[in-house]
1. So which of 20, 100 ends up being over 26 Å from residue 160 (Cα atoms), surrounded by 17 or more Cβ atoms within 10 Å (Cβ to Cβ) and modelled with pLDDT of 95 or more?
2. Which of the residues that make up the stretch 86-97 are surrounded by 13 or more Cβ atoms within 10 Å (Cβ to Cβ) and over 19 Å from residue 18 (Cβ atoms)?
3. For the stretch 60-68, does any single residue satisfy the condition of being modelled with pLDDT under 90, more than 13 Å from residue 9 (Cα to Cα) and touching a helix residue (DSSP H, G or I) at 6+ places or on another chain (Cβ under 7 Å)?
4. Any idea which residue in the stretch 46-60 is surrounded by the most Cβ atoms within 10 Å (Cβ to Cβ), counting only those that are over 16 Å from the mean Cα position of the chain (by Cα) and more than 16 Å from residue 25 (Cα to Cα)?
5. Of the residues that make up the stretch 109-117, is at least one modelled with pLDDT of 95 or more, closer than 21 Å to residue 154 by Cβ and part of a loop (DSSP other than H, G, I, E, B)?
C-alpha cells in the first residue's frame, strides 16, 4: 500500500529533523512526505530542505496562517495546503505532527492493519512522552480514540468524510 504523509509544522526546527529521520528509516518508506512550513520564524524550512536533498520524496510548502480562531483550524489549513500539492495515487493519507519520533516498523504496522480488514478506515498509534528519561504513555491516549497527532486514513474513508475540516480539530 502506498502512503503519503502531510506534516503541518510551525517553529519545529528542534524536532522536525528527528521526525524526518524516523520517517526515512521506516521499513516501508512513504511515497511522499510534504512538510507545510506554517509561518515559522526559525529554521524549520532549512532542516526540511536538508532532508529533501537526500530524499526526493520529501518536499516543503510554505504557508502564511490565516487568523481564524476555530480550535485546530490553523493545523487543518496547513494540512490542506500540503494535501493540495499531492496527486491522488495513494492508498493511505497520513497527518502527523512535526515533533513525533516513530519506531522503524510503525508504518509497516499501520499498513498491516489496513490490509487486515477493508472496513478499517482509520488507524493510529499510541503516543509516549519522555518524562525524566522514561517513556510514559501520554495521558490523552486511550484505545478508543485515534490521536490527532498521528492519524492515517484509508483513501476511500478520507474521501467519504470530505477530508479534514477546521471544526474537526485535528
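The values are calculated or read from the model by the stated rules, or taken from the named source; none is laboratory data. What you are looking at is a predicted structure, and each value in this text was computed from that prediction instead of being measured. Neighbour counts run over all protein chains shown; Cβ positions are idealised from the backbone, glycine included.
1. So the residue among 20, 100 that is over 26 Å from residue 160 (Cα atoms), surrounded by 17 or more Cβ atoms within 10 Å (Cβ to Cβ) and modelled with pLDDT of 95 or more is 20.
2. Answer for the stretch 86-97, where residues must be surrounded by 13 or more Cβ atoms within 10 Å (Cβ to Cβ) and over 19 Å from residue 18 (Cβ atoms): 86, 90, 91, 92, 93.
3. At the first step, the residues of the stretch 60-68 found to be modelled with pLDDT under 90 are 63-68.
Next, only the ones that are more than 13 Å from residue 9 (Cα to Cα) stay: 66-68.
Subset that is touching a helix residue (DSSP H, G or I) at 6+ places or on another chain (Cβ under 7 Å): 66, 68.
Yes, the conditions are met somewhere in the stretch 60-68.
4. 47
5. Yes - at least one qualifying residue is present in the stretch 109-117.
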